[in-house]
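Participant: First the structure, which I've put down as structure tokens, then a few questions once you've had a look.
The values are calculated or read from the model by the stated rules, or taken from the named source; none is laboratory data. Everything numeric in this text was worked out from a predicted model, so none of it was measured. Because the Cβ atoms are built from the backbone with ideal geometry, glycine has one as well, and the counts that use them run over all protein chains shown.
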Amino acid sequence: MIDFIANWVANSLGMATPYALAALGLIIGERAGVLSLTAEGLMLVGALSGAAASIVLGGYPNLSLVIAMFVFGVWHKGTFLLMMWGVYHGLLLVLHRQWQEFRKWIGFEWSGPTATLISWAITFTAVCVGYIFFRAENIVQAMAMLKAIISPHTYTYLSLDRSLYWMTLLAAVGYFAVIGAGELLNRLGQFGLRWAEKGSGGFRTRFGGFLGVMAQDRWVWIAPVVLVLMLYLSVIVQPGHAETGPVMYALF
């Protein structure tokens, strides 16, 4: 029973990640002046649409992914650009699955730090390009933004405040730093377990086992540490302004 509760608590943090990311997006949007109360509805409609399409279509799981993401775009606002945004992400998911199947079919091994960095860069770039359809007001503006991406001279012209570029850079670096830290913890845990197996007791065995457990159950200690650091950072950055605002739903 104790093992079940411990595993449930540890896994619940991982399962709650999509909801935490949605909540973070809502907080950022609210601070920017954009109020949205439909995040949970968007996630539910996308999941139910994918499940329904998979049941109806049967042997066409890739088409089910595209349909689910298309409905996701329709639920946002129903404009042509948002439909394109949904279909685009559905096609990305299909390409990812087809790439995995193709690697298995030809026996191609795609692993290691270099392959991981390339995969991160491709995924990050593809998702950022897709959000042009989400942000643009019309198809003409979307095409202009896509053209600006492939035009080298546009990267020398700064049309927005420099702080926005720094914030975007820091967000991108932080994203890859978190993923890299996770990979580092995986390798550290494997090293610790191997080191403990080679030891004959004493400090080496205990320390290696400790590293393995800390890496395997990382979310048990990472989440509280990050939360405490964020609280301290909020007080340091805005001393005297650490009070919280009213609950969003209380504004209505």
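Participant: What helices (runs of 4 or more DSSP H), lying completely within the stretch 139-252, carry at least 1 residues that are modelled with pLDDT under 75?
Facilitator: Result: 162-198, 203-216, 218-237.
Participant: To continue, here is another question. Can you tell me which condition Gly86 does not meet? The list is (1) touching a Lys or Arg at 6+ places or on another chain (Cβ under 7 Å); (2) assigned to a helix (DSSP H, G or I), and all the others hold.
Facilitator: (1)
Participant: Scan the stretch 133-156 and report the pairs whose first residue is within 17 Å of His89 (Cβ to Cβ) and whose second residue is in a helix (DSSP H, G or I) and small (Gly, Ala, Ser), with Cβ atoms within less than 9 Å and a gap of 6+ or a chain change.
Facilitator: From residues that are within 17 Å of His89 (Cβ to Cβ), the pairs are Phe133/Gly73; Phe133/Gly86; Phe133/Ala142; Phe134/Gly73; Arg135/Ala142; Ala136/Ala142; Ala136/Ala144.
Participant: OK, next. Which one is modelled with the lowest pLDDT, of the residues in the stretch 46-74 that are under 22 Å from the mean Cα position of the chain (by Cα) and surrounded by fewer than 18 Cβ atoms within 10 Å (Cβ to Cβ)?
Facilitator: Looking at residues that are under 22 Å from the mean Cα position of the chain (by Cα) and surrounded by fewer than 18 Cβ atoms within 10 Å (Cβ to Cβ), I get Ala47.
Participant: Could you grab me the full set of residues in the stretch 103-148 that are within 17 Å of the chain's Cα centre (by Cα), of a type in the set (A, V, I, L, M) and under 18 Å from Thr168 (Cβ atoms)?
Facilitator: If the condition is that a residue be within 17 Å of the chain's Cα centre (by Cα), of a type in the set (A, V, I, L, M) and under 18 Å from Thr168 (Cβ atoms), then Ala121, Ala126, Val127, Val129 are the ones that fit.
Participant: Residues Leu92, Leu42, Leu13: which one is closer than 30 Å to Gln141 by Cβ and modelled with pLDDT under 75?
Facilitator: Leu42
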